[in-house]
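Comments concern the structure below.
The values are calculated or read from the model by the stated rules, or taken from the named source; none is laboratory data. Here the structure is a predicted model, which is why all the values come from computation and not from measurement. Cβ placement follows ideal geometry from the backbone for every residue including glycine, while neighbour counts extend to all protein chains displayed. Heavy atoms of the whole protein, side chains included, go into the accessibility calculation; ligands, DNA and RNA do not. Shrake-Rupley method; radii C 1.70, N 1.55, O 1.52, S 1.80 Å.
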Amino acid sequence: MKADRSEITPEHLYLSRRKFIAGMGAMLAASALSGCAPGQEGGLEPSPTARATTLPGEKPLPTPTATPVPARPEDELGDPATDYEDSTHYTNYYEFSLDKEEPARLAEDFRTSPWSVEVGGLVGNPGTFALEELLEMFDQEERIYRMRCVEAWSMVIPWRGFPLASLLEKFEPGPEAKYVRFETLYDPQQMPGLSNPSFPWPYIEGLRLDEAMHDLTILATGIYGKPLLPQTGAPIRLVVPWKYGFKSIKSIVRIDLVAEMPVSLWMAQAPNEYGFYANVNPDVPHPRWSQSTERRIGESGRRKTLMFNGYEEEVAGLYEGMDLTKWF
């Protein structure tokens with residue numbers, strides 16, 4: 001029997017999360033972000049040039065009701081959320097551009113419907129599922145998480161999605177499964193950044209199975225109570241808040257349960273700089289810069305980086321006995 005979330009998350013964090021969800025109101029399921037920046041009051045309408053699109057004659061994904069989102073909700077550690085406009089227009093999405101502000105423009109015509117996700121590998125119940133089917137299978141939840149980029153900037157993001165564990169349990173991981181491998185869409189016609197030969201496309205990421213099954217790990221389908229925009233990883237992406245942002249793979253088309261540790265894009269690109277675990281750790285510097293402090297988008301100064309991005313109480317047990325300077 002799956003534990004109640006209040007038994008997994010410390011009570012003060014759990015109550016904070018429930019308070020936010022109550023303030024959000026009831027919303028319908030809808031369709032995925034990576035980024036960083038501050039906040040004006042309100043201003044939550046997405047840019048008209050940055051909406052997810054559908055092909056002529058196709059059925060669009062369901063959209064949420066018009067229940068407004070609080071302009072500045074707080075995360076579970078009391079920090080105000082990053083401004084919606086900033087968080088959706090300051091993004092790392094190299095399939096479109098190396099520039100952080102360009103993906104919002106270059107992805108405006110990115111087609112997010114129809115969309116399907118293939119689940120396979122070492123599972124007892126593999127299959128390919130339309131996004132609408134996944135949204136009907138799993139109740140959507142609101143989560144406010146810190147997001148820390150390996151480049152030493154950070155945000156606070158209100159997400160909507162569902163626990164990855166719910167999906168994995170449904171597809172019955174086999175006893176040999178030890179890791180989860182994720183793959184992003186590879187579509188050079190829509191993603192101009194894929195022409196850059198410097199990267200080993202497609203984008204691949206992975207988690208250890210117990211990390212994937214952790215209650216904090218979600219598949220996100222929206223932010224600020226709205227569907228994800230193309231530049232934020234629409235229509236479905238991973239969010240793992242205690243890891244650096246590059247682990248939270250966008251625009252997922254395939255999920256496989258595997259026996260061996262997957263080689264992620266950044267591990268293949270620069271293994272001396274990017275390890276598999278990518279846990280936020282102020283004591284382990286990147287080879288080219290310190291990780292001890294970060295620049296919160298919207299703040300003038302720098303703040304100390306917290307171990308596991310502030311989620312140490314929840315996730316430290318996953319790495320008990322591991323040398324985190326070796327397994328970085």
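Of note:
- If only residues of the range 150-161 that are of a type outside the set (D, E, K, R) and crowded, with 22+ Cβ neighbours inside 10 Å are counted, the one that is farthest from Asp79 (Cα to Cα) is Gly161.
- The number of residues in the range 74-121 being surrounded by fewer than 18 Cβ atoms within 10 Å (Cβ to Cβ) and within 18 Å of Ile204 (Cα to Cα) comes to 4.
- Positions within the range 222-233 being part of a loop (DSSP other than H, G, I, E, B) and of a type in the set (Gly, Ala, Ser), in sequence order: Gly225, Gly233
- Every listed requirement among (1) touching a helix residue (DSSP H, G or I) at 6+ places or on another chain (Cβ under 8 Å); (2) assigned to a loop (DSSP other than H, G, I, E, B); (3) charged (D, E, K, R) is met by Asp210 save one, (2).
- If only residues of the range 171-185 that are surrounded by 14 or more Cβ atoms within 10 Å (Cβ to Cβ) and not in a strand (DSSP E or B) are counted, the one that is modelled with the lowest pLDDT is Phe171.
- Checking Leu168, Leu164, Leu194, Leu135 one by one, the residue that is open to solvent by less than 20 Å² (accessible area, probe 1.4 Å), of a type outside the set (D, E, K, R) and modelled with pLDDT under 95 is Leu135 and no other.
- Test: residue in the range 268-282 that is farther than 30 Å from Asn125 by Cα and in contact with a Gly (Cβ under 6 Å, 6 or more places away or on another chain): no
- As for the range 299-315, it holds at least one residue that is under 20 Å from the mean Cα position of the chain (by Cα) and of a type in the set (Ser, Thr, Tyr).
- Within the range 234-328, strands (runs of 3 or more DSSP E) holding 1 or more residues that are of a type in the set (Lys, Arg) and surrounded by fewer than 20 Cβ atoms within 10 Å (Cβ to Cβ): 252-258, 293-296
- Qualifying residue in the range 76-95 (condition: in a strand (DSSP E or B) and under 30 Å from Glu299 (Cβ atoms)): yes
- Residues satisfying the stated conditions in the range 197-233, i.e. over 16 Å from Ser264 (Cα atoms), open to solvent by less than 30 Å² (accessible area, probe 1.4 Å) and among the hydrophobic types (A, V, I, L, M, F, W, C): Leu216, Ile218, Leu219, Ala220, Ile223, Leu228, Leu229
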